[in-house]
Amino acid sequence: MKVTKAVIPAAGFGTRFLPATKSQPKEMLPVVDTPVIQYVVEEAVASGITDILMVIGRGKRAIEEHFDRSFELEWELEAKGKMAELETIRRISDLANIHFVWQKQMLGLGDAVRCARAHVNNEPFAVLLGDTLMQARVPATRQLLEVHARYHACVVALEEVAPAKVSSYGVIAGERLDGRVWQVRDLVEKPRPEQAPSRMAVASRYVLVPEIFEALDRVRPGKGGEIQLTDALRLLTHSQAMYGCQVDAVRHDAGNKLDFIKTNILYALTRRDLRAALGDFILEQAEQVRKSRGDA
Ligand code: G1P
């Protein structure tokens, strides 16, 4: 069965970005000139997804408006002959069929996914975390969908992380099958480094089967008192096969300040209109930093 639906959880409070996130969601923060969540939607669409459900929370109206048409703005741009800008904003509302559901209480990622149950309606679906960008030649979600097409089972994106970092992720136990594909035997959410079963971390993208909803109903609150998607996946490994795909992509966590700034620089450096001037600025600044460190 071809996977056409994706779920994008985007209901977190974004406390790490206050005050910027006091009245706007962190997923709307721009990388260069485009909100983070638009890149995520573009990845889904480039992976063959045509229907997207966003799980939103308090103060998330800006996301809805971003993906809706803005006739006033379109009219204004047209009247001024700004056709390139007009094309840019029209394209956003034509990207996919986008739907919204509200997560009533912030009970965790597992609970956010649970809010998608009625919408995905017994079909396999992709999950893309709304604050993480994946720079890749072949879209990361498409890489997972290719593995799913082979095994018809859950597939999680994997990334090898440093031992000190495992406690920030869901971590798998399993073995490599071939190339980038892993058989997942077990998962644990944010383990202490000495208790981690491996260094293979779950990296922000999933393809899930509908049985995940029964598993989500059965799990009790886990790490941080939240309903963890990782715990539901773990439960599912007891009754069905599960796979991992070490994605060929560079992941940017736009939900954390330093990585967000780095992501902006990296994306700006890929832009023809900004590359040269930004490159000069970085070299100047690097020189200053080097001097101040040498003087210190
Ligand atoms: C979530 C998941 C975790 C996963 C991580 C990155 O954690 O719970 O298993 O490894 O995303 O994809 P969060 O970063 O939301 O705390």
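The values are calculated or read from the model by the stated rules, or taken from the named source; none is laboratory data. As the structure is a prediction and not an experimental result, all values here were calculated from the model. In this analysis, Cβ positions are derived from the backbone assuming ideal geometry, glycine residues included, and neighbour counts consider all displayed protein chains. The area values use the complete protein model at the heavy-atom level, side chains included, leaving out ligands, DNA and RNA. Shrake-Rupley method; radii C 1.70, N 1.55, O 1.52, S 1.80 Å.
Key figures for this structure:
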| read-out | value |
| --- | --- |
| Heavy atoms of Leu29: accessible area, 1.4 Å probe, square angstrom to 10 | 10 |
| The chain, accessible surface, carbon-and-sulfur percent (1.4 angstrom probe) | 51 |
| Under 9 Å, Cβ to Cβ, from Arg234 - net charge with Lys/Arg +1 and Asp/Glu -1 | -3 |
| Simple Cβ-charge dipole of the chain, Lys/Arg +1 and Asp/Glu -1, about Cα centre, in debye nearest 20 | 660 |
| Cα-based convex hull, the range 1-95, per residue volume (Å³, whole number) | 115 |
| Accessible area per residue, Å², the chain with all protein chains present, probe 1.4 Å | 52 |
| Computed over the range 69-216, Cα set: Rg, Dmax in Å | 19.5, 63 |
| Of Val207, Met242, Tyr169, farthest towards positive along the dipole that unit charges on Lys, Arg, Asp, Glu beta carbons give the chain | Tyr169 |
| Alpha-carbon centroids, the range 77-137 and the range 187-257: separation in whole Å | 21 |
| Cα convex hull of the range 168-213, projected area averaged across orientations, nm² | 3.9 |
| Calculated SAXS-style log₁₀ I(q)/I(0) at q = 0.22, 0.27 Å⁻¹ - the range 104-163, Debye, Cα scatterers | -1.12, -1.26 |
| Cleavage-rule hits, trypsin sites (Lys or Arg not before Pro), the range 230-296, DSSP coil, Cβ neighbours within 10 Å at most 16 | Arg271, Arg272 |
| Rounded D (µm²/s) - the range 182-296, Kirkwood Rh over Cα pairs, Stokes-Einstein at 10 °C, 1.306 mPa s | 88 |
| Potential extension, Arg185-Lys262 segment - 0.36 nm per residue separation minus Cα distance | 24.3 nm |
| For the chain, share of DSSP beta bridges that run antiparallel, in % to the nearest 5 | 60 |
| When the chain is reduced to its Cα atoms, the Kirkwood hydrodynamic radius in Å | 20.4 |
